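Notes to accompany the following structure.
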Amino acid sequence: MSDTQQSLSQAIHNCCTRFNVQNLDSDDRKLTASFLFPVSFPGFGGHFPGHPILAAIIQLAAVRHSGELGLGYRLRPVNYTTAKFRTVIGADQEITVTMDLTKNSSDYAGEFVISTGDSQKISEGSCLFQLI
């Protein structure tokens, strides 16, 4: 992992305000993580000066980070499919990532939803991760 990736990963971790994991069985998990990205968050750089918007790639990084917290392992995204981004996320807007992860041999497949504090759906999709 490069220094930039490590720094961004740490910044995402620092923005996680709450986390809950429910073990559905020995391998499957239901995860909920809340994030609050302040205007100083490095992922806002370039998106857009004076009107920060959280990039879709950072939303997907928050999904991956939630999976890592729930499983206790670093994850490598294999793919994200059927991802839909319905609205923008601004600075200081709390979001919640909800995800169901199911173990498939050495991979974890999941469905995720990112929503606002009032349960408005921001984005959703499917994901596939490998343990690192």
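The values are calculated or read from the model by the stated rules, or taken from the named source; none is laboratory data. All values reported here derive from a predicted model rather than from experimental measurement. Please note: Cβ atoms are built from the backbone with ideal geometry, for glycine as well, and neighbour counts cover all protein chains shown. Remember, those area values only see protein heavy atoms, side chains included, never the ligands or the DNA or RNA. Shrake-Rupley method; radii C 1.70, N 1.55, O 1.52, S 1.80 Å.
Checked against (1) open to solvent by less than 80 Å² (accessible area, probe 1.4 Å); (2) over 16 Å from the mean Cα position of the chain (by Cα), Leu24 meets all criteria but (1). Picking from residues in region 77-97 that are outside any strand (DSSP E or B) and of a type in the set (A, V, I, L, M, F, W, C), the one that is most open to solvent (accessible area, probe 1.4 Å) is Val88.
Picking from residues in region 29-45 that are open to solvent by less than 10 Å² (accessible area, probe 1.4 Å) and within 11 Å of the chain's Cα centre (by Cα), the one that is nearest to Ile58 (Cα to Cα) is Phe35. Screening Asn104 on (1) surrounded by fewer than 17 Cβ atoms within 10 Å (Cβ to Cβ); (2) without any contact (Cβ under 8 Å) to a residue 60 or more places away in the chain; (3) touching a strand residue (DSSP E or B) at 6+ places or on another chain (Cβ under 7 Å) shows it passes everything except condition (3). Scanning region 109-124 for residues that are open to solvent by less than 30 Å² (accessible area, probe 1.4 Å) and either in contact (Cβ under 8 Å) with a residue 60 or more places away in the chain or part of a loop (DSSP other than H, G, I, E, B) (or both) returns Ile122, Ser123.
Of the residues making up region 25-74, those that are within 21 Å of Asp107 (Cβ to Cβ), touching a residue at least 12 places away in the same chain (Cβ under 8 Å) and not in a helix (DSSP H, G or I) are Asp27, Asp28, Arg29, Lys30, Leu31, Ala33, Tyr73, Arg74.
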